[in-house]
């Protein structure tokens, strides 16, 4: 691990949703770091809290939600408690986000050129003509053929893959230091997904832009991320380099999740399914939140709250048996 | 092959699409074009392809939820291509379907007993018999029979898909069409449902037509696989042949694009530019030639025959099996400005 300052440092973040009857802790004690130019994968199944984590960083939590404790440091600034105006400044310039379904984030009544250029007019005082020229340039840079003509199209005239490229062009307009990508390729076909992932990787290489890649797809994570954060039931359960996570997972959830994916590279006779289903925030289990589904659970897992703790080689896990499990895999290999 | 349970010959479906509000200009969308295959009893045939390739339309044609424009469908020795709705009723016992979304495909106002029992009551089973059979299939799919009087919202996504499968099983069909049956589920739940489908296929000798865009899932469940592109089957082979030695350039590009959950399998991607052309104006010649890395002039004018390459192996390409460039070889000319 290098000693450079992290670009993003989320520390002990707890987020609550206030409903009519309850206060739901949807995130509890979430910590993660992203260094400049680094691609970090944030992976989890539905309800794990990965999108709420991203929304907290962007300052886009819904009104019913609030940060109960913890901090979000970005490039030397503490983001929790920042005014809406200051947060909007930050979003336009230093961090940007792309979503799964670009159609819902694009305005149907404006041309794509207008939407890409808007941020330049808004934050950098560009004239409309300058903004348009820059928009065409950005569209070409994200691989949209015939960019000058497509710039005048409306979102509905573009395919899903092209819309996602437009979203990326919008995000790139201000040359952000951090791109949060929430399931950016989940709605796309696999050949188009491969194109978009290549594009994101090459933009990172060119502009040293950090990417927090949020997805349920461990395949995308394995191909893209340098470090991986695994979430389950509102908590980080494991964190490490891609090699550590995929080759020697320390938490039983990570281990089982990787084994439950059917591979296109080899035929598997039977999949290792994880029994049960993911708990909702209304009923997170006591003790280790994964214990009802964990084949290795013992009494201590059912009663004792587990904390994320450090392990050798700079990785961490929320399972108290991880050290033992890692020593076993070393002994076995 | 023993006698086929399902035999599809030159199946074609065209939709008329209105191009102007007045309907003056009409165009046809070719969703499925000259598709032919056979399925043996007990077999799983995977249909894989990207959005708009016609895989869902193909499933709906076989279910006779849509009327084909051309070609024929034979099921269990009987030509069912032009059966009327009334005549199809009898066949509904034998051909069932499991849909993608376990949230929208189950009526939220009915109990699970009514949902699973509906096909049974349509065929005149008594109330006592329905309760017995519903309990039976719930056990088969791993649900507690004593929960049959609850509504779907009391169940998780994975459990709802089990309800959908139980409903399809209730009439003891011969063929089940699974249309993206696990695509909406989390991976840990997806694995449970895939294992369940394998178990019930074994137990009941079911034949499965499994439609999915997910190549890992398709490889896992299928004995044989058909790859579709713009309404055509471009390649059909056994699971092993298709993945170990794909012949069609599209099959190879598709397989190479799958991100594998293994950091040692960083993919040597076959470059595939552009996007799927519109099925309203499909390109002449081979439908794939506009994106094919090895296309020649001939591919732009002549549609390749759907021909037998080796026993039980079909391909629609003028140059099957020819070496393709990899992404690394062409990466230099792709550098961004």
Completion exercise
By the Cα gyration tensor axes a ≥ b ≥ c (a/c under 1.5 gives rounded; else a/b larger than b/c gives prolate, otherwise oblate), the shape of chain A is prolate
Handout entry: Dimensions (Å) - segment A:94-133, Cα atoms, principal axes, largest first
Key = 30, 26, 13
Problem - Cα-based Rg / Dmax (Å) for segment A:189-318 - result: 16.6, 51
Completion exercise
Row for the protein assembly as shown, column shape: gyration tensor on C-alpha, a ≥ b ≥ c, rounded if a/c < 1.5 i.e. under 1.5, prolate if a/b over b/c, else oblate; value oblate
Problem - Taking N as its residue count, the alpha carbon Rg of segment B:3-130 over 2.2 N^0.38 Å - result: 1.27
Problem - Relative exposure of A:174, B:292, judged by other C-beta atoms within 10 Å (fewest first) - result: A:174, B:292
Exercise for the section: Return B:229, B:250, B:103 ranked ascending by Cβ neighbour count within 10 Å, so the fewest neighbours appear first. Expected result: B:103, B:229, B:250
Fill in the blank from the handout: The value for segment A:21-114 (convex hull of the alpha-carbon atoms, volume per residue, Å³) is 161 Å³
Handout entry: Per-bin percent of Cα-Cα distances, segment A:107-175 [10 Å]
Key = 25, 60, 15, 0
Fill in the blank from the handout: Under the 7 Å Cα-to-Cβ spin-label approximation, residue A:46 and residue A:4 lie apart by a distance in nanometres of 3.8 nm
Practice task
Report, in deg cm²/dmol and to the nearest 500, the calculated mean residue ellipticity at 222 nm for the protein assembly as shown, where each DSSP H run with n ≥ 4 adds -39500 (n - 2.57) and the sum is divided by the residue count.
Solution key: -9500 deg cm²/dmol
Problem - Angle between chain A longest axis and helix A:84-93 axis [Cα atoms, degrees, rounded to 10] - result: 80 degrees
Handout entry: Whether segment B:85-219 is rounded, prolate or oblate, judged on the alpha carbon gyration tensor where a/c under 1.5 counts as rounded
Key = oblate
Practice task
Take A:31, B:188 and order them by how many other Cβ atoms sit within 10 Å, fewest up front.
Solution key: A:31, B:188
Practice task
Any chance you could check the Cα centroid distance between segment A:247-290 and segment A:110-149 for me, in angstrom?
Solution key: 43 Å
Exercise for the section: Measure nothing fancy, just the Cα-based angle from helix A:160-172's long axis to the longest principal axis of chain A, in degrees from 0 to 90, nearest 10. Expected result: 80 degrees
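Kindly state, as a whole number, the per residue volume in cubic angstrom of the convex hull around the alpha carbon atoms of chain B.
183 Å³
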Exercise for the section: Give me the number: length gained by fully extending residue A:101 to residue A:267, i.e. 0.36 nm times residue separation minus the C-alpha to C-alpha distance, one decimal in nm. Expected result: 56.6 nm
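Taken together, the values in this text are just the output of simple stated rules run on the coordinates, not laboratory data. Source: prediction; values computed, not measured. No Cβ is skipped: glycine too gets one built from the backbone with ideal geometry, and neighbour counts run over all protein chains shown.
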